[in-house]
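One structure is given below, encoded as structure tokens.
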Amino acid sequence: MARPRKPLLSTDRIVATARALVDAEGLAAVSTRRLAAELGVSGPSLYNHFRTKDEILEAVADSVSAQVDLSMFEDGRDWRTALHDWAVSYRDALRDHPNIVPVLARGPGRRPAALRLADAAYGAMVEAGWPPAQATSIGALMRYFIMGSALGSFAGGFVDDASAYDPADYPHLGQAHLLADQQEKIDERAFETGLTALLDGLALQYEQVRLRT
């Protein structure tokens, strides 16, 4: 029997195609009509896998959550090292797919990979001795910080035109036009600085928690 000329439609193929569209053109680029055209199928065939565009975007978001490494919560690393390594992996996944961050920011909902991620981080903090309420707050705090860092580039927000930063108006921004050229280095350093400060603060709180137990 001859092989089909087009790959069979599958959930994974739909998600991968939608993710590529989101990465390249943003959330607005995704529609059932556009996806069907990209996949070379009729629009109604998508409904055998997803009922709505929102379901497709939820699946795309979960496919990105699935890229986050969770091994640090299982291999014996101390809670601080685990949080640091998890945050780096989490940010790497979001940095590779920044256009899906607004969907991820809605929360895990019913998405399996996102729920596994939340469960792993929360469980590791509780097992390390954090009270459940504080473990919940830590999970929320890390999520705010990581997602905020992925929403945009600080350095990339400045133009490379020195005339845009007249010292008469902005006396401390004389070098701001150089930031965009160092975008990756500056953003990486900012993330590590913030993450270290955050973990330092949590370590102080942890000492107090241990004294009370």
Residues within the stretch 44-76 that are of a type in the set (Phe, Trp, Tyr), open to solvent by less than 40 Å² (accessible area, probe 1.4 Å) and not in a helix (DSSP H, G or I), tallied
1
Only one of VAL22, VAL15, VAL41 that is surrounded by 12 or more Cβ atoms within 10 Å (Cβ to Cβ), of a type outside the set (Phe, Trp, Tyr), in the same structural domain as LEU57 (by the TED database) and not in a helix (DSSP H, G or I):
VAL41
For the stretch 172-212, what are the residues that are open to solvent by 90 Å² or more (accessible area, probe 1.4 Å) and either charged (D, E, K, R) or not in a helix (DSSP H, G or I) (or both)?
HIS172, GLN175, ASP181, GLU184, LYS185, ARG189, GLU207, ARG210, ARG212
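A quick yes/no check of all residues on (1) over 21 Å from the mean Cα position of the chain (by Cα); (2) of a type in the set (A, V, I, L, M, F, W, C); (3) farther than 20 Å from ILE100 by Cα:
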{"position": "LEU8", "(1), (2), (3)": "yes, yes, yes"}
{"position": "ASP12", "(1), (2), (3)": "no, no, no"}
{"position": "ARG19", "(1), (2), (3)": "no, no, no"}
{"position": "ALA24", "(1), (2), (3)": "no, yes, no"}
{"position": "ALA29", "(1), (2), (3)": "no, yes, no"}
{"position": "ARG34", "(1), (2), (3)": "yes, no, no"}
{"position": "GLY43", "(1), (2), (3)": "yes, no, yes"}
Can you find a residue in the stretch 117-139 that is surrounded by fewer than 19 Cβ atoms within 10 Å (Cβ to Cβ), in contact (Cβ under 8 Å) with a residue 40 or more places away in the chain and either under 29 Å from GLY26 (Cα atoms) or of a type in the set (Lys, Arg) (or both)?
no
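The values are calculated or read from the model by the stated rules, or taken from the named source; none is laboratory data. This is a predicted model, so every value here is computed, not measured. Heads up, the Cβs are rebuilt from the backbone with ideal geometry, glycines too, and the neighbour counts pull from every protein chain shown. Remember, those area values only see protein heavy atoms, side chains included, never the ligands or the DNA or RNA. Shrake-Rupley method; radii C 1.70, N 1.55, O 1.52, S 1.80 Å.
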